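Here is the structure we will look at.
Values quoted throughout were computed directly from the atomic coordinates according to the rules given, and no laboratory measurement underlies them. The structure presented is a predicted model; accordingly, all values stated were derived computationally and were not measured. Counting neighbours? That spans all protein chains shown, and the Cβs are built from the backbone with ideal geometry, glycine included.
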There are 2 protein chains.
Amino acid sequence: MLIRLDPASATPLFDQLAGSIRASIISGRVAAGERLPAARDLATSLDVNVHTILRAYQELRDEGLIELRRGRGAIVASAPRDFGDLTAAIDSVVAEARASGVPPAALAALIREAYQ
Amino acid sequence: MLIRLDPASATPLFDQLAGSIRASIISGRVAAGERLPAARDLATSLDVNVHTILRAYQELRDEGLIELRRGRGAIVASAPRDFGDLTAAIDSVVAEARASGVPPAALAALIREAYQ
DNA sequence: GTATTGCGCTAGTTAAACTAGAACAATAGG
DNA sequence: CCTATTGTTCTAGTTTAACTAGCGCAATAC
């Protein structure tokens, strides 16, 4: 699993982390039942604190994407909902936003606005 | 123009502000050429610092949505791009996300991921 | 039993957001 | 020309979230 972090980014590390893993799960690049790297290991390899990793994991757990158990680790949830329509919709929105010259931050704000 | 701010929210005030105004512009609730309230006035009525208002305005200016001139104020840009397709795409994404039980934060992260 | 792994706690540092106040420059309008 | 308005720019202080660090504890696997 490839994870790249940008310490200079405005988006928090744990959010970048969760976002990267989330994308991998929803796109199917990591299968259900598969185990994510142990927090301590990932922290070492990414040169980041363990708590930051765990916070990202907990975010994904709250979304129901993974399960966390002591001694076992982080396991991709086995309730593989169908995200096909969602990913398609996301792709078209991003394409539309790019075409309209709407920057990522603005798009995110618009989505948030529409969600309320 | 109705603007509601939630000081308890995790999203910064200036972002909430920009988001609210941005939505008003793109949806057409405020017309091109129309003038937004003066920063000092808006700051008073929202009980927020002037700099916070100005920062939101500058964000919108960077997106090309408004123009800022000293002495004149903040004016909605007269380059009325067609956001019809974008808003439609946004609506369908939000509907899809709701149906799939994807929380706002997760959706935002997915969008950000897709944008890169 | 032992190593692994997530959980929980305290604590310190750093950066961003927000506030506050002031002076300044461009515009509008009498 | 004069004055009020409005965004721009600067300094400065406070607060809060993110991040780091280290430790012990509890559940699981082998």
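On the basis of being at the interface with chain A (Cβ under 9 Å from one of its Cβ atoms), away from DNA strand D (no atom under 11 Å from the Cβ), under 16 Å from the mean Cα position of the chain (by Cα) and basic (Lys, Arg), does B:Arg98 make the cut?
Details: at the interface with chain A (Cβ under 9 Å from one of its Cβ atoms): yes; away from DNA strand D (no atom under 11 Å from the Cβ): yes; under 16 Å from the mean Cα position of the chain (by Cα): no; basic (Lys, Arg): yes.
No: the conditions fail for B:Arg98.
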Worksheet item: Restricting region A:1-24 to residues that are within 17 Å of A:Ile66 (Cβ to Cβ) and within 15 Å of DNA strand C (Cβ to nearest atom), which is surrounded by the fewest Cβ atoms within 10 Å (Cβ to Cβ)?
Response: A:Met1
Discussion item. Quick check on region B:67-75. Is at least one of its residues surrounded by 15 or more Cβ atoms within 10 Å (Cβ to Cβ), within 17 Å of the chain's Cα centre (by Cα) and more than 10 Å from DNA strand D (Cβ to nearest atom)?
Written reply: no
Item to complete: Return the total of residues in region B:50-79 being farther than 20 Å from B:Phe14 by Cα and among the hydroxyl-bearing types (Ser, Thr, Tyr).
Response: 1
Worksheet item: Restricting to region A:13-66, what's the tally of residues that are of a type in the set (D, E, K, R), within 11 Å of DNA strand D (Cβ to nearest atom) and in a helix (DSSP H, G or I)?
Response: 4
Item to complete: Name every residue in region B:103-114 that is under 13 Å from A:Ile111 (Cα atoms) and facing chain A (nearest Cβ under 7 Å), in order of residue number.
Response: B:Pro103, B:Pro104, B:Ala106, B:Leu107, B:Ala108, B:Ala109, B:Leu110, B:Ile111, B:Arg112
Fill in: Scope region A:93-112; condition among the β-branched types (Val, Ile, Thr) and either outside any helix (DSSP H, G or I) or surrounded by fewer than 17 Cβ atoms within 10 Å (Cβ to Cβ) (or both); matching residues
A:Val102
Worksheet item: What single numbered condition from (1) out of contact with any Lys or Arg (no Cβ under 6 Å at 6 or more places or on another chain); (2) within 16 Å of DNA strand D (Cβ to nearest atom) fails to hold for A:Leu107?
Response: (2)
Practice prompt. Exactly one condition in (1) without any contact (Cβ under 8 Å) to a residue 12 or more places away in the chain; (2) assigned to a helix (DSSP H, G or I); (3) hydrophobic (A, V, I, L, M, F, W, C); (4) under 18 Å from B:Thr11 (Cβ atoms) is not met by A:Ala10; state its number.
Written response: (2)
Worksheet entry | In region B:80-92, residue farthest from A:Leu13 (Cα to Cα) [restricted to those that are in a helix (DSSP H, G or I) and either at the interface with chain A (Cβ under 7 Å from one of its Cβ atoms) or of a type in the set (Phe, Trp, Tyr) (or both)] | B:Asp85
